[in-house]
Amino acid sequence: MMSTIENKLLDKIYSFTLILLILPLNVLLPQSNNEITDTKQIQTNQIAPVIFEGKRLFNVIGISSYPAEERAGKILSNIKAFANNNSLSTDSIKIVGLEDRIILTINGQILIGVFDIDASHEGISKEVLASLIKDKIKKAVDKYRIERDPKQLLINTVKAIVSTVLLLLLLFILLRLFRRFNLFIEAKLKSKLEGLESKSSKLIQANQLWNVLKGIISLIKVITIIILFQIYLTYVFSLYPWTAPFAGEVVNFIIKPLSEFGLSVLAFLPDLGFLIIIVLVTRYLLKLTKLFFSGISQGTISFVNFDKDWAIPTYRIVRVLIIIFSVVIAYPYIPGSESDAFKGISVLLGLMISLGSSSVIGNLIAGYSLIYRRTFKIGDKVKIDEHIGTVVDMKMFVTRLRSLKNEEIVIPNSNIVGGTVINYSSLSKDKGLILHTVVGIGYETPWRQVEQMLLMAADRTSGLLKTPPPFVLQQNLGDFAVNYEINVYCDNPEMMMSYYTELHKNVLDVFNEYNVQIMTPAYEGDPEKPKVVPKDQWFIEPAKKKNNE
């Protein structure tokens, strides 16, 4: 009788504390413990799991004023406080039956209340459910304490060290095995692949097949290493309670992305097949195009009014057009081509190209313009603005000259198109290049004598053409002298500066021989003595007379 009265009194006190959502505090479990008191407020659709150390122990049901998540959190807090207090044995958990619920207590403190609605949701009686919950809490707390025992942690640390050493040993053995396997495969197959390349007339590239085979072996090696690390991390993480929840995630971290990648690859296989066909067709079409234009460049294929120097530049244009056409066809089949990120990157690249490519496009168009206008070709001697040199390289954007001083001059093609170009080589082979120099001679010297002396100097100059013969022009009758221009022909523009030097030497020698003075623009009157060098003074030291003179 007394016990019944005490139970009712405790029930009233418990109900009152639940209404206030506050439970008495004690030294062992300082958290407040809120449990459902009005079973009529329970809504079965409010269910939350109590997860302790990454494992679900059981589910609880909430009400509108005390949601299931909040109830589960409070129960979990009570269990953690109990687990961290090693002075309380798990055998001290008591099951106390009340009128409308069963409560689990530890040292008089409530851990959880089990209601009829909890039991009906599980399909068993609340007495059985309370017993099951007690067993689960007991096992979970015992495991929690064992895992954190210093002796067990020390043992697990030794296991982790041993497993680490074992992993390093396996990796060392694995890498050595793959290295030997690569050498074995190279010795057995590489020569056979090269033989297959020669038999297929180089349609099959041995290097490409070998690289593919090496890539497959490397992929297998990487996958094997990843699997070893996965096993190692899963085991080591499971040794410590703080990392145990991540042990299972290691597998998911690797397997899940791989599985999603595999599913994506399977879904992409039809589009991949189409892309492979496009790549193969484009590749062989480019090879045929290159072979065709190479024939034109080498002269084996010819077209009327199509210069063979145009072959390679035209091939580059056609190649770009073929690639652009292939990309346009393949674009819808590229993974992610319809995504906003892909479109955004495309727009950004287009904007960057449009803003920064004006000069690039200008030089590119100028480069092709130079080629198709036949302005010059590699090896020609040219003068571009004030620069004189030999064309050593013609690119789409710039042209490189080697100057007379062996300097490399880089000129943008847009500057060449907008400037003046003198090509010394284009007509030199057929009609000869005319070199010319001017001398001013006084009116007292007969013009016929001057012309003959200039022709004599030209005849003494080696390397010049005899046919057509050199000729002399009287440019003008100046205030103080007559300006005579000697014109000579040569067919080697590369030697023009040497020809000029020798021609000037011979002009000076001939005019000195005949005591004819070469006038200067500053002439104002006849000097006391003619400005000539007597022949006996031509070889005054340090000059030395040549044996043949």
Return yes when residue 496 is in a helix (DSSP H, G or I), among the aliphatic types (A, V, I, L, M) and over 30 Å from residue 376 (Cα atoms) and no when it is not. no
Which residue pairs have Cβ atoms under 6 Å apart, sit 6 or more places apart or on different chains, and have a first residue in segment 299-319 that is farther than 15 Å from residue 377 by Cα and a second that is β-branched (Val, Ile, Thr)? 318/289
Need pairs with beta-carbon distance below 6 Å; first residue over 17 Å from residue 154 (Cβ atoms) and within segment 223-250, second hydroxyl-bearing (Ser, Thr, Tyr) and not in a helix (DSSP H, G or I); sequence gap 6+ or separate chains. 237/243
State whether the residues of segment 464-475 include one that is part of a helix (DSSP H, G or I), surrounded by 13 or more Cβ atoms within 10 Å (Cβ to Cβ) and in contact with a Cys (Cβ under 9 Å, 6 or more places away or on another chain). no
If a residue has to be modelled with pLDDT of 85 or more and either part of a strand (DSSP E or B) or in contact with a Ser or Thr (Cβ under 6 Å, 6 or more places away or on another chain) (or both) to count, how many in segment 116-140 make the cut? 1
Considering segment 398-408, residues that are crowded, with 17+ Cβ neighbours inside 10 Å and of a type in the set (A, V, I, L, M, F, W, C), and then whichever is nearest to residue 316 (Cα to Cα), we arrive at 398
Considering only strands (runs of 3 or more DSSP E) fully contained in segment 312-421, which possess at least 1 residues that are touching a Pro at 6+ places or on another chain (Cβ under 9 Å), of a type in the set (Lys, Arg) and at pLDDT 85 or above? 381-384
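The values are calculated or read from the model by the stated rules, or taken from the named source; none is laboratory data. Values in this document were obtained by computation on a predicted structure and should not be read as measured data. A quick note on method: Cβ atoms are made from the backbone with ideal geometry, for glycine too, and the neighbour counts reach across all protein chains shown.
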